Amino acid sequence: MCGIAGVYLPGRMASEPLVRAMCDPIVHRGPDDEGIYTDGGCGIGMRRLSIIDLATGHQPISNEDGTIWTVFNGEIYNYRELRDDLACRGHRLATQSDTEALVHLYEEYGIDGLSRLSGMFAYAIWDSRKRQLLLVRDRFGKKPLYFTVTKDGLYFGSELKCLRAADVPLDLDPEALKLYLQFNYVPDPHSIFRQVRKVSPGGWALFSETGQLTEGRYWSLPAPSDDPPTGMTEKQAQEQIRDLFDDSVRARMIADVPLGAFLSGGIDSSAVVASMALQSSAPVKTFSIGFEEAAFNELDHAAAVATKYRTDHHTLMVRPDSVELIGKLVRHFDEPFGDSSAIPTYLVSKFAAEHVKVVLTGDGGDEIFAGYQSFFEVESLRKWDALPQAARRTITWVADSLPYSAYGKNFLHGIGRRTPLERYFEFVYAPVSLTRALFQPQWVMPLDEAEIRRSFNGCLLSNGADVLSQAFYFEATAKLTGDMLVKVDRMSMANSLEVRCPLLDHRLAEFAARIPARWKMRNGQGKVCFTESMRDRLPETVWNRRKQGFSVPLSQWFRGPLRSFLRDHLTSPEFFSRGLVSPKFVQYLLDEHDSGRRDNKTWLWRLLMIELWFREWKNAAVPCL
């Protein structure tokens, strides 16, 4: 696991000091080692967190004659099979690292070799013969990779800090800011800056000596299926899930350093721990955190799993210095990021990093096996699809005319909109009645299907797909990559901890896409097929419990220890001068939350994060629209 950065400046000389300056801000991603290589206009560098092949895994790594070089962030889980195949084809590998396999894979197969990889990764390949630089990102985008093309050439890095260190132009992108305000994160391939993009999940970008940029995809998540795999019963599907899952866990247990698991007490993390314990001769190290507020404390459920599998269990009851912690979060995300579950993710990562360098987690289960309650809400609204367009337009007009006080209480907000897809985004993400009251008009993103498709290109199915399938696909592509995996990567790497996600093995995800919704959702319960496949491994108190998100008592903190901090920022002249919000309505949200009439923590946290981001990136200014 590493952080990477570099440049390709055709017609110029890349300097080692420049590349080092780009790598220095991400030392937290790789505190164990550093390496830089330059060749004419190309310079690539890395910071290494040593996990596999501790002795000879130094980067950058080249092929036999030094014509192809790579810097790599991540893990390749099938690297041993790849090495064996490449050796049989005449390649001579000098180390035992997974990184070296990438160089020879490219040399043998070119871009076509990407589909052979299994893992989480972001890497760069410098081909000195063709004078071209290739950037690659894993299928789900677990590892970040930013890049920008300027008049001088291409700059890339694991974090935006790398590009800022290179002093490249960074102008705020108003479209990205709108997306953050609407969805709580900046979705791929956008970045908060106009000049910077992210390599798409499952994608690549190739920059040539002539300055031409070519992009492509080597993988996309299959569309959800309405029919089960041919000839397969539901029970057989559950058995296949179990086999694929165990194989995925086994592959992610390979490491030359201490390894453990996050254990929240939910179904997904408990299933990971169970599989690890059944495949390990030594006790699994497990890590759980809890809060004094009972509603946010899952330590008892985690303890039940730890006891069943006799893990080496570590627990911590936390009461963090929330003001200090919030500042750290903003600095590590680089972009505006409004998911408050980043707080417990940071805390459990910090705790685990005191004992191990690698952990396995249950992230991804809700997205690929339909675990979110919102899927049931979307399904319940499908009965309104038969309404004539004229009736739907009338309902939409009435819903939009209602005051904000009716938000959350009037079902018209759920059945309006011209299309089912628009209704999904209205109902699940950002109701028009709220966004119109909160944001200045130029910062309200219209819930128009064409606009939604443009903003999330590649994350929605073609016209004609039912809205539940659209919701499945969106959550497993846009939301998973832009929100959940960003949170996990930044918060774990802030603590120099590698996180691996067995539920996001691409073979398991592809099989899950072939399972019909009726096998995933039943009687108000999601993830049925996965839960049933793990039933005999988990304590009854775990598999039979209601879903509980990994969160903190933010509502109480906003009425208590964080109240002054929140108000100082969200009622400041500096915040209001940015022209994003209605000052009167922000005050209304604060007062409403204080009174307990409504829990506004999600929107208040979103606003707090954008204001703190502006203060962190002091040269960023809201553009005039």
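The values are calculated or read from the model by the stated rules, or taken from the named source; none is laboratory data. Everything quoted here is computed from the prediction, not taken from an experiment. Cβ: placed from backbone, ideal geometry, glycine included. Neighbour counts: every protein chain shown.
Tabulated results
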{"read-out": "Set R522, R514: member being surrounded by fewer than 20 Cβ atoms within 10 Å (Cβ to Cβ), modelled with pLDDT under 95 and either farther than 29 Å from L325 by Cα or not assigned by TED's automatic domain parsing to the domain that holds G338 (or both)", "value": "R522"}
{"read-out": "Of the criteria (1) modelled with pLDDT of 75 or more; (2) polar (S, T, N, Q); (3) part of a helix (DSSP H, G or I), which one S405 fails", "value": "(1)"}
{"read-out": "Test result for R47, out of contact with any Gly (no Cβ under 6 Å at 6 or more places or on another chain) and either closer than 26 Å to R500 by Cβ or among the charged types (D, E, K, R) (or both)", "value": "no"}
{"read-out": "Extreme residue, surrounded by the most Cβ atoms within 10 Å (Cβ to Cβ), among residues of the range 347-397 that are of a type in the set (F, W, Y) and at pLDDT 95 or above", "value": "F369"}
{"read-out": "Filtered residue count, the range 143-165, keeping only those that are of a type in the set (A, V, I, L, M) and within 15 Å of L133 (Cβ to Cβ)", "value": "3"}
{"read-out": "Top-ranked residue in the range 484-532 [being touching a residue at least 24 places away in the same chain (Cβ under 8 Å) and assigned to a strand (DSSP E or B); ranked as nearest to A223 (Cα to Cα)]", "value": "R500"}
{"read-out": "Filter result for F575 (crowded, with 20+ Cβ neighbours inside 10 Å and of a type in the set (A, V, I, L, M, F, W, C))", "value": "yes"}
{"read-out": "The range 50-68 - residue that is surrounded by fewer than 23 Cβ atoms within 10 Å (Cβ to Cβ) and modelled with pLDDT of 80 or more and, of those, farthest from V488 (Cα to Cα)", "value": "D65"}
{"read-out": "Unique residue being more than 19 Å from M534 (Cβ to Cβ) and either β-branched (V, I, T) or in contact (Cβ under 8 Å) with a residue 60 or more places away in the chain (or both) when the list is D312, D268, D226", "value": "D226"}
{"read-out": "Residue selected from the range 316-333 under the condition surrounded by 14 or more Cβ atoms within 10 Å (Cβ to Cβ), in contact with a helix residue (DSSP H, G or I) (Cβ under 6 Å, 6 or more places away or on another chain) and of a type in the set (V, I, T), by the criterion farthest from K285 (Cα to Cα)", "value": "V330"}
{"read-out": "A21 vs. criteria modelled with pLDDT under 95 and out of contact with any strand residue (DSSP E or B) (no Cβ under 8 Å at 6 or more places or on another chain)", "value": "no"}
{"read-out": "Selection status of V552, surrounded by 13 or more Cβ atoms within 10 Å (Cβ to Cβ), at pLDDT 95 or above and not small (G, A, S)", "value": "no"}
{"read-out": "Subset tally (residues that are buried (at least 24 other Cβ atoms within 10 Å of the Cβ) and under 21 Å from D127 (Cα atoms)) for the range 24-46", "value": "5"}
{"read-out": "Criterion violated by R310 - all others in (1) more than 19 Å from W605 (Cα to Cα); (2) assigned by TED's automatic domain parsing to the domain that holds R252; (3) touching a helix residue (DSSP H, G or I) at 6+ places or on another chain (Cβ under 6 Å) satisfied", "value": "(3)"}
{"read-out": "Which listed residue is within 20 Å of F530 (Cβ to Cβ) and either free of Cβ contacts under 8 Å to residues at least 60 places away in the same chain or of a type in the set (D, E) (or both), from A282, A274, A302, A306", "value": "A302"}
{"read-out": "Pick from the range 463-508, criterion closer than 16 Å to Y372 by Cα and of a type in the set (G, A, S), ranking: surrounded by the fewest Cβ atoms within 10 Å (Cβ to Cβ)", "value": "S469"}
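Table: residues versus (1) in the same structural domain as R139 (by TED's automatic domain parsing); (2) of a type in the set (S, T, N, Q); (3) in contact (Cβ under 8 Å) with a residue 24 or more places away in the chain.
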| position | (1), (2), (3) |
| --- | --- |
| Q442 | no, yes, yes |
| M445 | no, no, yes |
| D448 | no, no, yes |
| I452 | no, no, yes |
| G458 | no, no, yes |
| N463 | no, yes, no |
| D466 | no, no, yes |
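Yes or no, residue by residue, for (1) assigned by TED's automatic domain parsing to the domain that holds Q59; (2) at pLDDT 95 or above; (3) acidic (D, E):
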residue	(1), (2), (3)
Q96	yes, no, no
T99	yes, no, no
Y106	yes, yes, no
I111	yes, yes, no
R116	yes, yes, no
A122	yes, yes, no
S128	yes, yes, no
D138	yes, yes, yes
